[in-house]
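Only one structure is covered here, and it is reproduced in the block below.
The values are calculated or read from the model by the stated rules, or taken from the named source; none is laboratory data. Keep in mind it's a predicted model, so treat the numbers as computed, not measured. Positions of Cβ are generated from backbone atoms using ideal geometry, with glycine treated the same way; all protein chains shown enter the neighbour counts. To get the accessible areas, we keep the full protein, side chains included, count just its heavy atoms, and leave off ligands, DNA and RNA. Shrake-Rupley method; radii C 1.70, N 1.55, O 1.52, S 1.80 Å.
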Amino acid sequence: MKPIQLMIIGVQKAGTSSLLRYLAQHPHIATHAQPEMTFFLQDREYTRGYEWAYDKYFACALPEQFPHERSARACPSQFRLMAKNVMVMHSPEIMQRIYEHNPEIHLVILLREPVARAYSAYWWARRRGWETLKTFEEALAAEETRVTQEGWFKWRQCAYRYNSTYYPHVKNVLEQFGRERVHVVLTEALKDDAQAVCQGLFQYIGVNADFAPSIGERHNTGATMPRSEKFGFLFTQFMASHNPLRRAIRKLVPDATAYKLRKAVMKWNEKSWTPPPIASQTQAELAAYFEPFNQQLATLLERELW
């Protein structure tokens, strides 16, 4: 089985869903239909092995003109496998799993201005039912206790400061995989010229870099909120990987059908909504908190950031 050759590893709420779908338009790139590949992140998946993950995430992604490869767990030589998970960068243990899978993988890290990312992540967590505190300030105050007492993994969707403190995580990835295989892209660059970003990545992984993907649509935007936050919370709890009822149902329902149903239910519970501006005092406090980390990152990458 061919290993994954390109993976978007972060960060959440920085444009990764859009980048994944732009890159996936290339005729020689195959990726998963799911929003995230959780194989490396979730122990219950990782222990089942890559052969299982290949069947789950990639077998159906290969074009129909390759029926033998779809059934034989093979991938035509001209194809590159691409994956995305926006949380893996924050865990050295999970990044080690990726290194052991393929030390020559190309990794993409999208970085958004950290205060904006943290604030957007809060409303995303509210939308999905992960966050129950009603103000961003309350959630920030609770973060240290949550992560310290119960661990980052449990609260990874609500680790607003931690997940926006990019420097130590980017430094670890660069040291482990090498600068030539880690491609750091600013969200602003993706917004300004997504086609150039994509074509640069096409060149790195050895597919036709002249291919120009369609860049019209943005994916996974945060301009909605649940009609019922209570229903959203209950649905999120039902969809949790440790829920035995959910696991039993998933054994009976094909993955593609399950993801369509989940998307339909979430869409039914959504309403258009624009979050309020971040409080000026909170903005200033977070900007001061992130500033030394941003300076270290700019020095590490030898480039201007925000």
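When restricted to residues that are part of a helix (DSSP H, G or I), among the hydrophobic types (A, V, I, L, M, F, W, C) and either touching a residue at least 40 places away in the same chain (Cβ under 8 Å) or within 20 Å of Thr135 (Cβ to Cβ) (or both), the range 289-306 contains 5.
Considering each of Glu137, Glu188 in turn, give the residue that is in a helix (DSSP H, G or I), surrounded by fewer than 19 Cβ atoms within 10 Å (Cβ to Cβ) and within 21 Å of the chain's Cα centre (by Cα).
Working: Glu137 fails: within 21 Å of the chain's Cα centre (by Cα).
Step by step, each of Glu137, Glu188 is checked, and only Glu188 is in a helix (DSSP H, G or I), surrounded by fewer than 19 Cβ atoms within 10 Å (Cβ to Cβ) and within 21 Å of the chain's Cα centre (by Cα).
Residues in the range 35-47 that are in a loop (DSSP other than H, G, I, E, B), of a type outside the set (A, V, I, L, M, F, W, C) and touching a Lys or Arg at 6+ places or on another chain (Cβ under 9 Å): Pro35, Glu36.
Residues of the range 106-134 that are in a helix (DSSP H, G or I), closer than 24 Å to Leu301 by Cβ and open to solvent by 10 Å² or more (accessible area, probe 1.4 Å): Ala116, Tyr119, Ser120.
Evaluate the range 41-55: report whether one residue or more is in contact with an Asp or Glu (Cβ under 8 Å, 6 or more places away or on another chain), modelled with pLDDT under 95 and open to solvent by 40 Å² or more (accessible area, probe 1.4 Å). Can you show your working first?
Here is the first cut: in the range 41-55, the ones in contact with an Asp or Glu (Cβ under 8 Å, 6 or more places away or on another chain) are 52-53.
So of that shortlist, the ones also modelled with pLDDT under 95 come out as none.
No, there is no match, as no residue in the range 41-55 is in contact with an Asp or Glu (Cβ under 8 Å, 6 or more places away or on another chain), modelled with pLDDT under 95 and open to solvent by 40 Å² or more (accessible area, probe 1.4 Å).
Taken over the range 4-34, the criterion of being charged (D, E, K, R) and either crowded, with 22+ Cβ neighbours inside 10 Å or touching a Lys or Arg at 6+ places or on another chain (Cβ under 8 Å) (or both) is satisfied by Lys13 alone. The set of residues in the range 144-185 that are hydrophobic (A, V, I, L, M, F, W, C) and either open to solvent by 40 Å² or more (accessible area, probe 1.4 Å) or in a helix (DSSP H, G or I) (or both) comprises Val147, Phe153, Trp155, Cys158, Val170, Val173, Leu174, Phe177. Residue count for the range 120-136 satisfying the condition of being without any contact (Cβ under 8 Å) to a residue 40 or more places away in the chain and within 14 Å of Ala159 (Cβ to Cβ): 4.
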